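Just below is one structure, and these are the notes that go with it.
The values are calculated or read from the model by the stated rules, or taken from the named source; none is laboratory data. Since this is a predicted model, take the numbers as computed values, not measurements. Because the Cβ atoms are built from the backbone with ideal geometry, glycine has one as well, and the counts that use them run over all protein chains shown. Heads up: the accessible areas ignore ligands, DNA and RNA and are worked out on the full protein's heavy atoms, side chains in. Shrake-Rupley method; radii C 1.70, N 1.55, O 1.52, S 1.80 Å.
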Amino acid sequence: MYSFSRAHKVNYLCTLFEVSRTAYYRYRRGKSHNADKKYNRPKHEVRIEFIQNLKRYGSRRIRESLKQKGIKIGRRKVAEIMRREGLRAIQPPKFIPRTTDSGHGKRVSPNLLLGQPKPSKPNSVWVSDITYMPLKGGKWAYLCVWMDLYSRQIVSWQLGENMQESLVREPLERALLKRRVTSGMIVHSDRGGQYLSHKMKKLIKTFK
């Protein structure tokens, strides 16, 4: 593995962006806006900022970064330079968490709601689903909701860091105790593995 000194790195950047060492050090000190016209080249300032930020900054972030260094340049100008120089920010792939794992291999129950009329009384059909909520720092939280299909009222919910079976079972247990449901109710959900755990099946059998 080769090791380059700071001087070699500076020389490489200056050669790459066709600027003098004086202009480069003025830029690092945030004095490019006071530099002579010979060195005051927005194109090179944008290119240096782009490469120093691993090619991940777009025109808005480059403009803000240059502004913090005392370099005044409009976003439209930055965008124009980037377009002309072929500088396109790398876009990281978006991560969308999966809330349903239908490939769990477990036996699923038939859909008891097919061909059935709408519920005519409370606590006859409860439905459930899981969704995700983005948090700061790129993390996610998962929300399970139980709803009475008759009134469309949320009877229980739970927020968790993962999608273990307790995310769906615990709010159902609380709702059953609160509403004192003992029998004659249909529970409907997607085909996620959380709803097919042994504990969930045992709980559902208590009020069927």
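Pairs are defined by a Cβ separation below 6 Å, a sequence spacing of at least 6 or placement on different chains, a first member in segment 109-130 that is without any contact (Cβ under 8 Å) to a residue 60 or more places away in the chain, and a second member that is among the charged types (D, E, K, R) and not in a loop (DSSP other than H, G, I, E, B); the pairs so defined are PRO122/ASP148.
The residues of segment 110-132 that are over 23 Å from LEU196 (Cα atoms) and open to solvent by less than 80 Å² (accessible area, probe 1.4 Å), listed by number, are PRO119, PRO122.
How many residues are more than 16 Å from SER128 (Cα to Cα) and touching a Leu at 6+ places or on another chain (Cβ under 7 Å) when one looks only at segment 180-208?
The first filter runs over segment 180-208 and keeps only residues more than 16 Å from SER128 (Cα to Cα), leaving 180-184, 198-199, 202, 205-208.
From the residues that got through so far, the ones that are touching a Leu at 6+ places or on another chain (Cβ under 7 Å) too are 207.
Number satisfying all stated conditions: 1.
If you go through segment 154-195 and keep only what is touching a residue at least 60 places away in the same chain (Cβ under 8 Å), open to solvent by less than 20 Å² (accessible area, probe 1.4 Å) and either hydrophobic (A, V, I, L, M, F, W, C) or out of contact with any helix residue (DSSP H, G or I) (no Cβ under 7 Å at 6 or more places or on another chain) (or both), you end up with MET185, GLY192, GLY193.
Remark: pairs (first residue in segment 46-58, among the charged types (D, E, K, R); second residue modelled with pLDDT under 85 and open to solvent by less than 70 Å² (accessible area, probe 1.4 Å); Cβ separation under 8 Å; 6+ apart in sequence or on different chains) = ARG47/PHE17.
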